[in-house]
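This report refers to the structure that appears directly beneath it.
The values are calculated or read from the model by the stated rules, or taken from the named source; none is laboratory data. Because the structure is predicted, anything quoted here is derived from the model rather than measured. So basically every Cβ, Gly included, is an ideal-geometry build from the backbone, and we count neighbours across all protein chains shown. We work out accessible area using only protein heavy atoms, side chains counted, and drop any ligands, DNA or RNA first. Shrake-Rupley method; radii C 1.70, N 1.55, O 1.52, S 1.80 Å.
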Amino acid sequence: QVQLVESGGGLVQPGGSLRLSCEASGIIFSRYDMGWYRQAPGKQRVLVAIVTSGGSTNYADSVKGRFTISRDNAKNAVNLQMNSLKPEDTAVYYCYAWRSGSPAWGQGTQVTVSS
C-alpha cells in the first residue's frame, strides 16, 4: 500500500523560504511521477509542480522561478524548495504519486506565509 508522508511546512514571513519533503513507501518509487499540489481555504486543490519518472519537471505559472522540485530515487523522496514566498502561497500542500489509475496522496502539510 502506498504511503506518502510530508514534512517541512510551517510559518514563514513573506520573502522567506521553506523546503517540503515527501517520503514514499510501498511503491517502486523510480517508476512513479511525483508532485505537489496545494489547496488554499475555500479553493480547489491545484497543481504546484511535478517531476516525472524520467526527471522532467513542470510548474504552475504562479511559482515558476521561485519553487524547485527535485526527486531522490535512492531515498524514495521528492522535495519542494520554495523561495521568495508570498502570502498567496499560503495553503495545505499535498504530495502525490502517480503511475496509472488514481494517484496516491499524502496527508498534507500546512504552509503559512504571513508577517
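If you go through region 97-115 and keep only what is under 28 Å from Q13 (Cβ atoms) and touching a strand residue (DSSP E or B) at 6+ places or on another chain (Cβ under 8 Å), you end up with G106, Q107, G108, T109, Q110, V111, T112, V113, S114.
When the residues of region 27-38 are filtered to those that are more than 14 Å from N79 (Cβ to Cβ) and open to solvent by less than 60 Å² (accessible area, probe 1.4 Å), which remaining residue is nearest to the chain's Cα centre (by Cα)? I'd like the intermediate steps shown before the answer.
Filtering region 27-38 down to residues more than 14 Å from N79 (Cβ to Cβ) leaves 27-28, 30-33, 37-38.
After this cut, where a residue has to be open to solvent by less than 60 Å² (accessible area, probe 1.4 Å) as well, the list is 27, 30, 32-33, 37-38.
On the way: I27: 18, S30: 17, Y32: 14, D33: 12, Y37: 6, R38: 8 Å.
The selected residue is Y37.
Under the condition of being among the hydroxyl-bearing types (S, T, Y), under 19 Å from K75 (Cβ atoms) and open to solvent by 40 Å² or more (accessible area, probe 1.4 Å), the residues counted in region 1-26 number 2. The C-beta contact set for region 1-27 (first residue part of a loop (DSSP other than H, G, I, E, B), second residue at pLDDT 95 or above and aromatic (F, W, Y), distance under 7 angstrom, 6+ apart or interchain) comprises G9/Y93.
Take region 94-106 and flag every residue that is open to solvent by 40 Å² or more (accessible area, probe 1.4 Å) and touching a residue at least 12 places away in the same chain (Cβ under 8 Å). Residues satisfying the conditions are W98, R99, W105.
Among residues belonging to region 41-93 that are among the basic types (K, R) and either at pLDDT below 95 or open to solvent by 40 Å² or more (accessible area, probe 1.4 Å) (or both), point out the one that is farthest from G26 (Cα to Cα). Please lay out each step first, then the result.
Step one: list which residues in region 41-93 are among the basic types (K, R), which gives 43, 45, 64, 66, 71, 75, 86.
Filter again for either at pLDDT below 95 or open to solvent by 40 Å² or more (accessible area, probe 1.4 Å) (or both), leaving 43, 45, 64, 71, 75, 86.
On the way: K43: 30, R45: 24, K64: 31, R71: 17, K75: 13, K86: 34 Å.
Among them, the one singled out is K86.
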